[in-house]
Amino acid sequence: GNSVTQMEGPVTLSEEAFLTINCTYTATGYPSLFWYVQYPGEGLQLLLKATKADDKGSNKGFEATYRKETTSFHLEKGSVQVSDSAVYFCALGGSGGSYIPTFGRGTSLIVHP
Amino acid sequence: GAGVSQSPSNKVTEKGKDVELRCDPISGHTALYWYRQSLGQGLEFLIYFQGNSAPDKSGLPSDRFSAERTGGSVSTLTIQRTQQEDSAVYLCASKKTGRFEETQYFGPGTRLLVL
């Protein structure tokens, strides 16, 4: 079955530092890939997505590239802000006839001023 | 427009009692999912509704858990005879219909504490 592995957190950075959160996956077929963000006390919201190999998703300064050869979808941001503090989830869309997505465990990011 | 709403936002109950959690999806979204998020864990899929089709219940952890969706809109997740291990955040998400419509829209969740 499909699975997602994310780096464990928390990731603690100073403001303006470079961020990478690693995500690798195993999947049947070629699902779309997603990053969702969960701010404290809220539900998840879509941050960015990529639907096919070599696609780059981007939003709010965050980027991730769908790498089929390394089965990865690492999240990056060049300069983080305190307001980026949240939990980030990597996810696979449904594939192989399934409409059930697969989520990683989430990576907590803490950004200090 | 309005997003996905869930109620109650917090629920404290005693072990052995039944609880009902409600989800109001975005109007027009035909797909609805329930997930459980335990501390330090990812999202555990529970159940999926799509239109009038039979729901996919493959994620329900035991027969104490059930869900229904009335009129293709509001959904209720019921947990009978609650146990302490049921304590978690229960998230609902809805989605448009369409082969390329994969983005899920989440509610804020219901935080359930079983004492």
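The values are calculated or read from the model by the stated rules, or taken from the named source; none is laboratory data. Here the structure is a predicted model, which means the values were calculated and not measured. Methodologically, a virtual Cβ is constructed for each residue, glycine included, from the backbone with ideal geometry; neighbour enumeration extends over all protein chains shown. Accessible surface is based on the protein model in full, side chains and every heavy atom, while ligands, DNA and RNA are left aside. Shrake-Rupley method; radii C 1.70, N 1.55, O 1.52, S 1.80 Å.
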Does A:Arg67 satisfy being at the interface with another protein chain (Cβ under 10 Å from one of its Cβ atoms) and open to solvent by 60 Å² or more (accessible area, probe 1.4 Å)?
no
Picking from A:Glu63, A:Glu16, the residue that is at pLDDT 95 or above, assigned to a strand (DSSP E or B) and more than 25 Å from B:Pro108 (Cβ to Cβ) would be A:Glu63
Residue under question is B:Gly51, and the condition is that it be at the interface with chain A (Cβ under 8 Å from one of its Cβ atoms), more than 19 Å from A:Asn2 (Cα to Cα) and out of contact with any strand residue (DSSP E or B) (no Cβ under 6 Å at 6 or more places or on another chain); does it hold?
no
Between a first residue in the stretch B:92-115 that is free of Cβ contacts under 8 Å to residues at least 24 places away in the same chain and a second residue that is open to solvent by 50 Å² or more (accessible area, probe 1.4 Å), which pairs have beta carbons less than 6 Å apart while being 6 or more apart in sequence or on different chains?
B:Thr103/A:Leu46
Residues located in the stretch B:28-75, provided they are farther than 15 Å from B:Leu91 by Cα and among the aliphatic types (A, V, I, L, M):
B:Ala54
Please find, within the stretch B:17-48, the residue that is nearest to the other protein chains (Cβ to nearest Cβ) out of those that are of a type in the set (Gly, Ala, Ser), closer than 15 Å to B:Ala88 by Cβ and open to solvent by 30 Å² or more (accessible area, probe 1.4 Å).
B:Gly40
(1) within 14 Å of chain B (Cβ to nearest Cβ); (2) under 20 Å from B:Gly40 (Cα atoms); (3) touching a residue at least 60 places away in the same chain (Cβ under 8 Å); (4) open to solvent by 20 Å² or more (accessible area, probe 1.4 Å): which one isn't true of A:Gln45, the others all being true?
(3)
